[in-house]
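Engineer: Got a structure for you, questions after.
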Amino acid sequence: DAGVIQSPRHEVTEMGQEVTLRCKPISGHNSLFWYRQTMMRGLELLIYFNNNVPIDDSGMPEDRFSAKMPNASFSTLKIQPSEPRDSAVYFCASSLAEGTGSAFGAGTRLSVL
Amino acid sequence: KNEVEQSPQNLTAQEGEFITINCSYSVGISALHWLQQHPGGGIVSLFMLSSGKKKHGRLIATINIQEKHSSLHITASHPRDSAVYICAVLHDRGSTLGRLYFGRGTQLTVWP
C-alpha cells in the first residue's frame, strides 16, 4: 500500500489566490482527517470525515476554508481567498475507524506570500 | 489552558539513556495517541492506547485513566530516536466526540 498520498508537497501562492490541497487515503480506511501544523499553535484538527460524511468541522478556522470528500478515495481542502496567516503544513490522515491509529500523509507545506 | 500538556518541552540525552516523556490531559477520552515527527516533517503513529501498557521494540507507552496521565518511555535511546514526540487524545463527549486534541510536542535530541 502506498500510504496516504497528499499533493502537492509544496505550494507557494500569492495572497488572495485559491489553494486546493488533495488527499488520497489508504484504501479501505473510512475515516479521514485534515490537520494544520504551525509553529505558534502546533497540530490542530481542522475537519474529519467518517464514511465520506463530515463529522466535526469545528476546527475549520473560517469560511474561507472548505473541505469535501466526494468519494472514499479522495478529499480536498480548499482555501479561498488565501492569506499569509494560512501558511502552515497541512496533513491528511486516515484510519480504519474512529478511535483507531491513523496513518499520516507527508503533508503539504503551504506558503502564502 | 490546553487540554493536553506535555513535559518536558525539550529533552537532551546521551545515547543509551532511558527516556521518559509525560502527557497529562483534562478531558474525558476514549483513546490516547503517541505520534513521532521526524526532522523532515513526516508523522508516524507510534501507539494508540486506552488502558494499561503497550510495547513496541524499545518503546513503551503507559496510560493511567484515573490520573489522566500517560508516559512514553524509550529504552537504550539512540540518535535516530531524535524527533518531536506528540501526545494526542481522542475526546469522547458531546459535540466534540471523536475530536483529537494535541499536546505541543516534546523535542528529543539524543547525542552519540
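Engineer: So if the hydrodynamic radius of the protein assembly as shown is defined as the Kirkwood radius over C-alpha pairs, what does Stokes-Einstein give as its diffusion coefficient at 10 °C and 1.306 mPa s, in µm² per second?
Structural biologist: In µm²/s, the coefficient is 88.
Engineer: Continuing with this model, one more query. Kirkwood hydrodynamic radius of the stretch A:16-101 from all distinct Cα pairs, in Å? All intermediate terms of the calculation are to be shown ahead of the outcome.
Structural biologist: Details: mean 1/r = 0.0763 Å⁻¹.
Averaging 1/r across every pair of different Cα atoms and inverting gives 13.1 Å.
Engineer: Describe numerically, in nm with one decimal, the distance between label points set 7 Å from Cα along Cα→Cβ at residue A:20 and at residue A:76.
Structural biologist: With each label point 7 Å from Cα toward Cβ, the separation is 0.3 nm.
Engineer: Please compute the average number of Cβ atoms from other chains found within 10 Å of each residue's Cβ in peptide B:38-46. Please list the in-between numbers first.
Structural biologist: Details: counts 0, 0, 2, 7, 5, 12, 3, 7, 1.
Whole-number average of other-chain Cβ neighbours for B:38-46 is 4.
Engineer: Using per-residue counts of other Cβ atoms within 10 Å, averaged over each peptide, order B:19-25, A:14-20, B:32-38, B:60-66 from highest down. Could you put the intermediate results ahead of the total?
Structural biologist: Details: B:19-25: 19.1, A:14-20: 12.9, B:32-38: 21.4, B:60-66: 15.4.
Going from most to least packed, we get B:32-38, B:19-25, B:60-66, A:14-20.
Engineer: Let me ask another. Mean 1/r over all different Cα pairs, inverted: what Kirkwood radius does the stretch B:19-112 give, in Å? Don't skip to the answer; put the middle values down first.
Structural biologist: Values: mean 1/r = 0.0734 Å⁻¹.
It works out to 13.6 Å.
Engineer: Ok, one more. Dipole of chain A, Cα-centred, from +1 at each Lys and Arg C-beta and -1 at each Asp and Glu C-beta, to the nearest 20 debye?
Structural biologist: 260
Engineer: Positive end of the dipole of the protein assembly as shown, charges at C-beta (+1 Lys, Arg; -1 Asp, Glu), about the Cα centre: which of A:81, B:52, B:11 has its Cα farthest in that direction?
Structural biologist: Checked the options; the winner is B:52.
Engineer: Mind putting a number on the dipole of the protein assembly as shown about its Cα centre? Charges go on the C-beta only, +1 for Lys and Arg and -1 for Asp and Glu, and I need it in Debye to the nearest 20. Mind dumping the intermediate values first?
Structural biologist: Working: 20 positive and 19 negative charges, 69 e Å.
Taking the Cα centre of the protein assembly as shown as origin, the dipole is about 340 debye.
Engineer: Determine the share of the stretch A:1-112's accessible area contributed by carbon and sulfur atoms, expressed in whole percent, with a 1.4 angstrom probe. Numbers along the way, then the final one.
Structural biologist: Details: 2670 of 5280 Å².
Exposed carbon and sulfur together represent 50 percent of the surface.
Engineer: Relative contact order, percent, of the stretch B:1-72 when contacts are C-alpha pairs under 8 Å separated by at least 6 residues?
Structural biologist: Contact order relative to length: 27 percent.
Engineer: Would you count, across the protein assembly as shown, every pair of lysines whose alpha carbons are under 27 angstrom apart, provided the pair is eight or more residues apart or spans two chains?
Structural biologist: 7
The values are calculated or read from the model by the stated rules, or taken from the named source; none is laboratory data. It should be emphasised that the depicted structure is a prediction, and the values quoted were computed from it without experimental measurement. A quick note on method: Cβ atoms are made from the backbone with ideal geometry, for glycine too, and the neighbour counts reach across all protein chains shown. What goes into the accessible areas is simple: the full protein's heavy atoms, side chains included, and nothing from ligands, DNA or RNA. Shrake-Rupley method; radii C 1.70, N 1.55, O 1.52, S 1.80 Å.
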